[in-house]
1. Among 151, 44, 99, pick out the residue whose Cα is farthest towards the positive end of the charge dipole of the stretch 1-157, where Lys and Arg carry +1 and Asp and Glu carry -1 on C-beta, about the Cα centre.
2. About the Cα centre of the chain, what is the dipole size in debye to 20, counting +1 per Lys and Arg Cβ and -1 per Asp and Glu Cβ, all else neutral?
3. Please give the net charge around residue 97, taking every other residue with its beta carbon less than 14 angstrom from that of residue 97, where Lys and Arg add +1 and Asp and Glu add -1.
4. Convert each backbone phi in the stretch 254-270 into a coupling constant with the Karplus relation 6.51 cos²θ - 1.76 cosθ + 1.60 (shift: θ = phi - 60°), then list the ³J(HN,Hα) values in order as whole Hz, x for Gly and Pro.
5. May I ask you to work out the translational diffusion coefficient for the chain at 4 °C, viscosity 1.567 mPa s, via Stokes-Einstein with Rh from the Kirkwood sum over Cα pairs, reported in whole µm²/s?
6. Could you compute the net charge surrounding residue 235? Neighbours are other residues with a C-beta less than 14 Å from the C-beta of residue 235; K and R count +1, D and E count -1.
7. Stretch residue 65-residue 265 to full length: gain in nm at 0.36 nm per residue minus the Cα-Cα span?
8. Using only Cα atoms, what Kirkwood radius does the stretch 138-281 have, in angstroms?
Amino acid sequence: MAAKLLDGEALAGKIKEGLRKEIEELKGKGITPSLAAVQVGENSASRVYIRNQRRATEEMGIDYQLHELPDTTSEEELLQFIEKLNKDPAVSGVILQMPVPGQINARKVQMSISPSKDVEGMNPVNMGMLVYGQAKVAPCTARGAMELLRSSEVELKGKEVTVVGHSEIVGKPITLMLLESLMESPTPTVCHIATKDLAAHTKKADILIVAVGKAGLIKGDMIKEGAIVIDIGINRVPVLDEKGNPVLNEKGKPKRKTVGDVVFEEAVQKASYISPVPGGVGPLTTAMLLKNTVECAKAQI
Ligand code: NAD
């Protein structure tokens, strides 16, 4: 039987509706949530993020400011700029667009964003609050994946969860979130590049969460019958015809499409619930950025 789809667009829509009400209430108290994005140098990938961020925030009535700094900006200058935003009462949240030029240590700058304006949840203070199960803001994709998982309404207590990928931005925070409740938590196993027998871990998972960035990594025979599969990976792959040849676009270049890390057509036959790519975790990442921004605005009251 084919799995039920976990519809990220629909869930993100519901979350945004709730946030809209919170934003109205904040505005009633004279506070307009605002997000300051800092872009250093020119980068086509972050242009797309910026466009999406602007659209998503403005739709919600959140102010969006874009600060474009030259690609010659030194780390010290950027740190000073962030400090200015940290002190600016008109700014609720700060986001540093990636990538930054080579002379800048991105991690160091991200850490300099005040914990109360840390809309990406990457400041060590907020990461630490995750350990205590008391985080007000948290990494957007990890938070989004958890929202999508919870939307299945399947009880987590007692379940075996395998998380594939252990990055600071996705895999590790998800694992901490899974362990948030003292008594109701499932049992997570975390796999990564050095895991010897990945399939042995994925096959025992009642819930499989994958965040790696390798198309085709998780095949149908690696999934337990009836599992919930949350696919976070984003990969651009060529579109192939029935003979396996690349399909070309009007410019004669190979056509590409976005897929996750899980072989969807196989997994959908084994799983009970599955998140598609695109349309699964992606829309929730944006919704969680908005949620974190609202949380930061509330924290500044
Ligand atoms: P990352 O490169 O920082 O981490 C990748 C992780 O995968 C590492 O923990 C690594 O050990 C593990 N890994 C690599 N090869 C493996 C293998 N063969 N077997 C098991 N584990 C392996 O990546 P990231 O930033 O965590 O992102 C992971 C994926 O999620 C990417 O495809 C990224 O595009 C996607 N992503 C999606 C969203 C979204 O909004 N949907 C947001 C962030 C990241």
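The values are calculated or read from the model by the stated rules, or taken from the named source; none is laboratory data. Values in this document were obtained by computation on a predicted structure and should not be read as measured data. Positions of Cβ are generated from backbone atoms using ideal geometry, with glycine treated the same way; all protein chains shown enter the neighbour counts. Note: areas computed on protein heavy atoms with side chains; ligands, DNA, RNA excluded. Shrake-Rupley method; radii C 1.70, N 1.55, O 1.52, S 1.80 Å.
1. After comparing all options, I get 151.
2. The dipole magnitude comes to about 280 debye.
3. Once all neighbours under 14 Å are counted, the net charge is -1.
4. Whole-Hz 3J(HN,Hα) from phi for the stretch 254-270: x, 6, 10, 9, 9, 10, x, 8, 9, 6, 4, 4, 7, 5, 5, 7, 9.
5. The estimated diffusion coefficient comes to 64 µm²/s.
6. Local charge sum for residue 235: +2.
7. The residue 65-residue 265 span can extend by a further 67.9 nm.
8. 15.7 Å
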